[in-house]
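The values are calculated or read from the model by the stated rules, or taken from the named source; none is laboratory data. Values in this document were obtained by computation on a predicted structure and should not be read as measured data. Cβ: placed from backbone, ideal geometry, glycine included. Neighbour counts: every protein chain shown. Surface areas here come from the heavy atoms of the whole protein model, side chains and all, with no ligands, DNA or RNA. Shrake-Rupley method; radii C 1.70, N 1.55, O 1.52, S 1.80 Å.
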Amino acid sequence: NYTSARWEYHIQPERKYIWDTSKESWAYFDMDIRNIEEDFNLSDCKGVSFYIKGNIENQLIEFNLFTHNFTQDNKVYNVYQYWNKGNLLVTTNWRREKILFSTLSATPWTEKRYPEAPESPNLEKVCAFGFAIKKTVEPTENKIWIDEMYFLHKNKSKTLISTFNALNTSTNGKEGLWHAGWGHL
């Protein structure tokens, strides 16, 4: 129905001076929970499926899932990032992809910052999920389309996540918001 999401980005690695080494740069397209004190409880899900295509042939991108944990009487807030190790291949033709949550692992930066982080995501405490591209040396721009994104339930049913006709969405009764951005480390 012509409502796929178009994620358009331009990554320009940051350099302060011409002789500097480029800093790591990235772009992302995520669905975040609107109220940070709540969770997307995805414990009955085994993964997601979706259609995806881009303007660059055979580009590898990441699928990310973020969980959060409030500790010490809700005074400390930790966010743990899990990923598919950047192994999602995007082509110039529509392809149906499936990401199983059981294949996601903690990112190296999560393990370094939070040694106590679980090796696999706590699906009861999901606060965001989505896609990312990292680039360190060359400028990159692309358009990626995502459509028909579903949660795959353990009972073999599926639930449409978003029709992408609006930025707002609801997952298991919790409000979320699709958004895109970029940054440098």
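Just a few scattered comments:
- For the stretch 37-113: rounded, prolate or oblate by the Cα gyration tensor [a/c cutoff 1.5]: prolate
- Estimated at 0.36 nm per residue, the fully extended path between Thr163 and Asp44 surpasses their Cα-Cα distance by 40.7 nm.
- Sum of side-chain charges, Leu88 neighbourhood, beta-carbon under 11 Å (Lys, Arg +1; Asp, Glu -1): +1
- Excluding ligands, DNA and RNA, the accessible surface per residue across the stretch 37-185 is 54 Å² with a 1.4 Å probe.
- Set of lysines near Lys125 by C-alpha distance (under 30 Å), chain-local residues within fewer than 8 positions excluded: Lys46, Lys53, Lys75, Lys85, Lys98, Lys112, Lys134, Lys135, Lys154, Lys156, Lys158, Lys174
- The residue among Phe129, Leu60, Ala106 whose Cα reaches farthest toward the positive pole of the charge dipole of the stretch 31-185, with charges on the beta-carbon of Lys, Arg, Asp and Glu, is Leu60.
- Cα gyration tensor category, rounded, prolate or oblate, for the stretch 83-143 with a/c compared to 1.5: oblate
- Extension reserve of the Arg6-His153 stretch, reckoned as 0.36 nm per residue once the Cα distance is removed: 50.3 nm
- The apolar share of the surface of the chain, taken as the fraction of accessible area on carbon and sulfur atoms (1.4 Å probe, ligands and nucleic acids excluded), comes to 48 percent.
- Cα-projected label distance for Asn69 with Ile56, points at 7 Å along beta-carbon direction, nm: 3.4
- Choice from Thr71, Thr163, Thr103 with maximal GNM fluctuation in the chain (Cα, 10 Å cutoff): Thr71
- Among Gln59, Gln72, Gln12, residue whose mean-square fluctuation peaks in a GNM of the chain (springs only between Cα atoms under 10 Å): Gln72
- Here each label is just a point 7 Å from Cα along the line to Cβ, and for Leu100 and Ile36 those points are 3.4 nm apart.
- Formal net charge of residues neighbouring Asn122 (Cβ-Cβ distance under 13 Å; K, R +1; D, E -1): -3
- Difference of contour (0.36 nm per residue) and Cα-Cα distance, Lys143 to Thr92: 17.4 nm
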